[in-house]
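Visitor: The structure is given below, and queries will be raised subsequently.
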Amino acid sequence: MQTDAQQFPGFCRDCLTGQPAGMRRCRACGSPRLLYHAELYQLTLAHIDCDAFYASVEKRDNPELADKPVIIGGGKRGVVSTCCYIARIHGVRSAMPMFKALEACPQAIVIKPDMEKYVRVGRQVRMLMQELTPLVQPLSIDEAFLELKGTERLHHDPPARTLAKFARRIETEIGITISVGLSYCKFLAKVASDLQKPRGFSVIGAAEALDFLKERPVTMIWGVGKAFATTLERDGIRSIGQLQTMEETDLMKRYGTMGQRLYRLSRGQDERTVDINGEAKSVSSETTFNDDLCDYDDLVTHLRRLSEQVAHRLRKADIAGQTVVLKLKTADFKSRTRNRRLDSPTRLADRIFRTGMQLLDKETDGTKFRLIGIGVSDLSNPDLADPPDLVDAQATRRAAAEAAMNTLRDKFGKATVETGYTFGKGGRK
Ligand code: DCP
Ligand code: MG
């Protein structure tokens with residue numbers, strides 16, 4: 001007997017019935033969510049990302065919220081962690097200060113993040129992913145790459161259908177929704193999963209890769225952040241199509257190894273495979289200054305903010321790190337990296353920050369810097385992180401102070417409480 005996949009060029013994402021070419025609605029259930037693509041049954045590399053993850057979990061647990069705009073955040077930093085798609089219609093976005101978000105959407109319901117719950121749900125999703133294939137590479141709490149090559153026999157279906165079934169299963173068993181990107185490489189699978197959110201399923205095949213990328217902005221390329229995009233823009237480069245016309249040697253001369261990445265990814269060439277051990281080796285945040293800085297206090301202000309970002313990302317990825325890494329780049333582009341290994345892993349902004357300050361202290365000798373970064377390596381699971389500190393009573397007090405501050409912030413909102421270092425300048429102590 002022929003399978004649906006052999007017989008029909010497409011299928012329905014709701015009931016999985018195979019569809020003859022050109023259908024607009026499913027011939028069995030009437031759903032418009034049909035999937036067709038010339039390479040549909042050849043592609044095997046997927047990226048899966050949960051939709052409005054924290055907000056979806058909260059909506060699942062409180063059905064009264066279903067049709068209301070929901071914002072998660074307002075805890076420690078007074079910013080939006082995420083918001084549901086209804087709140088997004090009003091312009092609310094992740095990382096927006098809470099007061100701005102509430103200006104945009106005053107009727108929104110704000111919920112404080114419950115990290116433990118999100119970590120638990122994230123793990124459940126991951127366990128179901130591992131039933132599809134052993135080749136799962138998590139990237140953060142709510143997303144992963146999956147390689148489904150060779151799973152056809154196990155699932156009696158090609159990867160595209162297996163993934164659609166999986167999306168249904170997450171909805172019924174976990175109660176949240178996901179978006180799927182299917183392609184032949186990691187770069188485009190990740191791009192694809194973002195194209196149709198929420199409840200999306202997008203396919204980017206090898207044949208269309210060049211055309212698809214041509215009109216897109218360079219920021220779509222993995223590794224091109226704001227600062228690098230500005231550099232490219234200064235050189236007149238905005239679209240990936242422009243990169244497609246440039247020589248590899250030219251790009252490498254201009255931008256070093258990043259130039260090589262631009263060359264390859266702009267052409268849809270990405271040989272990276274799904275690597276179950278390939279989780280990040282370090283987590284860091286850095287910033288390039290508008291004007292070079294040499295003053296310790298100025299640098300410390302940035303360090304505090306960056307440490308909080310790192311701690312936030314560690315929590316989001318459910319990991320901890322034991323070595324703190326300070327990175328500096330001098331005005332004449334020389335890099336300095338300084339490490340210190342802690343006696344236990346950490347995910348606390350305060351510990352990262354204080355270690356960073358000690359490392360920075362030795363470097364501020366009048367040298368002008370154009371960039372500062374802070375991060376942690378030696379990543380591990382967070383179970384052993386930040387044990388109650390018996391030796392350093394100071395640290396315990398600071399942790400208690402941090403907790404008390406968080407409570408105050410949650411109660412009175414945004415900038416009521418700020419540490420001496422983010423608000424105004426801390427002194428060198
Ligand atoms: N997150 C956060 N702060 C940010 C970005 C994200 O706390 N600046 C948290 C909340 C998100 C979760 O991480 O729910 C996953 O991040 P995503 O970038 O995948 O965002 P969402 O899942 O919320 O939305 P999307 O549907 O765009 O994936
Ligand atoms: Mg997500």
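Only the coordinates and a few stated rules stand behind these numbers; no lab work does. All values reported here derive from a predicted model rather than from experimental measurement. Here the Cβ positions follow ideal geometry from the backbone for every residue, glycine too, while neighbour counts run over all protein chains shown.
Visitor: Name all residues of segment 160-181 having a backbone nitrogen under 12 Å from the label point set 7 Å from the Cα of Arg33 along its Cα→Cβ direction, giving them as ranges.
Guide: Zone members listed by number: 164-172, 176-180.
Visitor: Pop a pseudo-label 7 angstrom from the Cα along the beta-carbon direction at both Ser94 and Asp61 and give the gap in nm to one decimal.
Guide: 2.0 nm
Visitor: What distance in nm lies between label points placed 7 Å from Cα along the C-beta direction at Glu363 and Asn290?
Guide: About 2.3 nm, to one decimal.
Visitor: Still on this structure, please answer the following. Return the distance in nm (one decimal) between the two label points of a simple spin-label model at Leu384 and Lys149, each offset 7 Å from Cα along Cα→Cβ.
Guide: Reported label-point gap for Leu384 and Lys149 is 3.6 nm.
Visitor: Considering the Cα positions of segment 37-207, please state its Rg to one decimal place and its Dmax as a whole number of Å.
Guide: According to the Cα coordinates of segment 37-207, Rg and Dmax are 16.9, 53 Å.
Visitor: Could you list, in their original order, any pairs among Lys197/Lys329; Lys149/Lys190; Lys100/Lys316; Lys190/Lys329 whose Cα atoms are separated by more than 28 Å?
Guide: Lys197/Lys329; Lys190/Lys329
Visitor: Given the options Ala189, Ala87, Ala66, which has the most mean-square fluctuation in a GNM of the chain, springs set between C-alpha atoms less than 10 angstrom apart?
Guide: The residue that fluctuates most here is Ala66.
Visitor: Moving on to the next point. For segment 169-229, which chymotrypsin sites (Phe, Trp or Tyr not before Pro) are in a loop by DSSP, counting at most 16 other Cβ atoms within 10 Å? Before the final figure, lay out each step's value.
Guide: Details: sites: Tyr184, Phe187, Phe201, Phe212, Trp222, Phe228; in loops: Tyr184, Trp222.
Within segment 169-229, the qualifying chymotrypsin sites (Phe, Trp or Tyr not before Pro) (loop, at most 16 other Cβ atoms within 10 Å) are Trp222.
Visitor: Round to a whole angstrom and tell me the spacing of the C-alpha centers of segment 342-392 and segment 91-149.
Guide: Going from one Cα centre to the other spans 26 Å.
Visitor: Would you mind telling me the antiparallel percentage of the DSSP bridges in segment 37-207, rounded to 5?
Guide: Details: 19 of 25 bridges.
If I count the DSSP bridges inside segment 37-207, around 75 percent turn out antiparallel.
Visitor: Could you calculate, for the chain, the ratio of the Cα radius of gyration to the Kirkwood radius, expressed as Rg to Rh? Working shown, then result.
Guide: Details: Rg = 23.7 Å, Rh = 23.9 Å.
Rounded to two decimals, Rg over Rh is 0.99.
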